[in-house]
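The values are calculated or read from the model by the stated rules, or taken from the named source; none is laboratory data. What you see is a predicted model, and the numbers here were worked out from it, not measured in a lab. Please note: Cβ atoms are built from the backbone with ideal geometry, for glycine as well, and neighbour counts cover all protein chains shown.
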C-alpha cells in the first residue's frame, strides 16, 4: 500500500502594500487667467514707462487666490500696489499638485503695467 503524505503548500505571504512613490516637490501652480492691472487715473500721467509690480499670493487647492500682498520694490506708488493687489485677487490658477492631489501654495505674480 502506498501512503501519501499530504504536505500543505507553504503559506502565502501577505500581500505587500504598494510602496507609494515619494513625491519630493509639488508641481507648481500655473496662472490661467490674468485680468491685468487697471492703472489708477491719478497715476496715468505720472508713469513714464512700464512698471513692474510683484504680488505674493496664496492659491488654494481649487486654484483661487485667497490672499494677496504687494511686494514693495523701489518707488512704486501705493495706488499702483493697491491696483496690482486687487488684480491678483481676481487671477485664477491651475492649482499646484502633489502627485495627483491639488494642494495650496504660494507664488509671486509679476505684473508689467504700462501707462
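Anything in segment 46-58 that is touching a residue at least 60 places away in the same chain (Cβ under 8 Å) and either under 23 Å from residue 27 (Cα atoms) or loosely packed, with under 14 Cβ neighbours inside 10 Å (or both)? List them, or say none. Scanning segment 46-58 gives 48, 49, 50, 52.
Scanning segment 83-115 for residues that are assigned to a strand (DSSP E or B) and within 21 Å of residue 45 (Cβ to Cβ) yields 111, 112, 113. Across segment 29-47, a minimum of one residue is classified as part of a loop (DSSP other than H, G, I, E, B), at pLDDT 85 or above, within 22 Å of residue 105 (Cα to Cα) and touching a helix residue (DSSP H, G or I) at 6+ places or on another chain (Cβ under 6 Å).
Among residues of segment 59-82 that are on the phi > 0 side of the Ramachandran plot and outside any strand (DSSP E or B), those with a beta-carbon under 8 Å from a residue that is surrounded by 14 or more Cβ atoms within 10 Å (Cβ to Cβ) and at pLDDT 95 or above at least six positions away or on a different chain give the pairs 63/29; 63/92; 63/93; 63/94; 63/95; 63/102.
Number of residues in segment 61-76 that are surrounded by fewer than 17 Cβ atoms within 10 Å (Cβ to Cβ) and at pLDDT 95 or above: the value is 7.
Evaluate the following for residue 108: is it out of contact with any helix residue (DSSP H, G or I) (no Cβ under 8 Å at 6 or more places or on another chain) and exposed (fewer than 15 other Cβ atoms within 10 Å of the Cβ)? Here the answer is yes, as residue 108 does meet what is asked.
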